[in-house]
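The values are calculated or read from the model by the stated rules, or taken from the named source; none is laboratory data. This structure is a prediction, so every number in the text was calculated from the model and none was measured. Cβ placement follows ideal geometry from the backbone for every residue including glycine, while neighbour counts extend to all protein chains displayed. Heavy atoms of the whole protein, side chains included, go into the accessibility calculation; ligands, DNA and RNA do not. Shrake-Rupley method; radii C 1.70, N 1.55, O 1.52, S 1.80 Å.
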Amino acid sequence: MKKIRVFLFESSVEDQNKERGETNEDNTVPFPIGILYLDSVLRNNGFEVLTKDYTAWNEEHCLKEIEREIRRFEPDVVGISVMTMTRISTFKAIRLIKKINPDIKIILGGIHASVMHEQILKNFEVDAITIGEADKNIVQLINNLIKNKSLKKIKGIAFKERDKIIKTEKIELSRDID
């Protein structure tokens, strides 16, 4: 049986938020730990995962690289961590991904997506948004998306169903952080 392929990434920071226009595409900057947690959870649950960080990349090069990886890796699902200062390149990446393959499921996470889920779902072709920590619900969310099953019972997400935005119950935070 073919493993579900998931491409996780954080897109490039908007130019006006970069220090003096510097970019660093040699991957020597700290990697966002949130998507690394998700990478680990997904790998431990049998998914094939590709994880990239494009935050310090030039936007144009970032989008070209995302296109190259989409065509090479052929993911079933793309998960994008969105900060406010990466939102524009994220929105461009969503359009690019859907243009390449409209069947790819897109999940957003991160602080900007969590706070702005209604606006994003109204304006972009996104299948679901995780609100808060995604490591507790990402496996079920991806499995339900791939199998076209209902998302209503998955805690901690928002999604669009027949032009209606649905936000599910919050996930209880664990007190044991070990």
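Data overview
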{"item": "Any chance Ala93 is within 24 Å of Thr55 (Cβ to Cβ), in contact (Cβ under 8 Å) with a residue 60 or more places away in the chain and not basic (Lys, Arg)", "result": "yes"}
{"item": "Positions within the range 42-60 being part of a loop (DSSP other than H, G, I, E, B) and closer than 26 Å to Arg87 by Cα, in sequence order", "result": "Tyr54, Thr55, Ala56, Trp57, Asn58"}
{"item": "Every residue from the range 59-70 that is open to solvent by 60 Å² or more (accessible area, probe 1.4 Å) and modelled with pLDDT under 95", "result": "Glu60, His61"}
{"item": "Sole exception among (1) in a helix (DSSP H, G or I); (2) open to solvent by less than 10 Å² (accessible area, probe 1.4 Å); (3) not aromatic (Phe, Trp, Tyr) for Lys98, by number", "result": "(2)"}
{"item": "Test: residue in the range 71-87 that is open to solvent by less than 20 Å² (accessible area, probe 1.4 Å), hydroxyl-bearing (Ser, Thr, Tyr) and at pLDDT below 95", "result": "yes"}
{"item": "Number of the condition not met by Phe47 [criteria: (1) at pLDDT 95 or above; (2) within 12 Å of the chain's Cα centre (by Cα)]", "result": "(2)"}
{"item": "Residues satisfying the stated conditions in the range 104-135, i.e. touching a helix residue (DSSP H, G or I) at 6+ places or on another chain (Cβ under 9 Å) and basic (Lys, Arg)", "result": "Lys105"}
{"item": "Lone unmet requirement of (1) closer than 14 Å to Val77 by Cα; (2) assigned to a loop (DSSP other than H, G, I, E, B); (3) under 13 Å from the mean Cα position of the chain (by Cα) for Asp103", "result": "(3)"}
{"item": "Failed criterion for Gly132 (all others in (1) assigned to a loop (DSSP other than H, G, I, E, B); (2) on the phi < 0 side of the Ramachandran plot; (3) open to solvent by 20 Å² or more (accessible area, probe 1.4 Å) hold)", "result": "(2)"}
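Okay, residues lined up against (1) more than 21 Å from Val6 (Cβ to Cβ); (2) aromatic (Phe, Trp, Tyr); (3) in contact (Cβ under 8 Å) with a residue 12 or more places away in the chain; (4) assigned to a loop (DSSP other than H, G, I, E, B):
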position: Ser114; (1), (2), (3), (4): no, no, yes, no
position: Ile120; (1), (2), (3), (4): no, no, yes, no
position: Leu141; (1), (2), (3), (4): no, no, yes, no
position: Asn148; (1), (2), (3), (4): no, no, no, yes
position: Phe159; (1), (2), (3), (4): no, yes, yes, no
position: Ile166; (1), (2), (3), (4): yes, no, yes, no
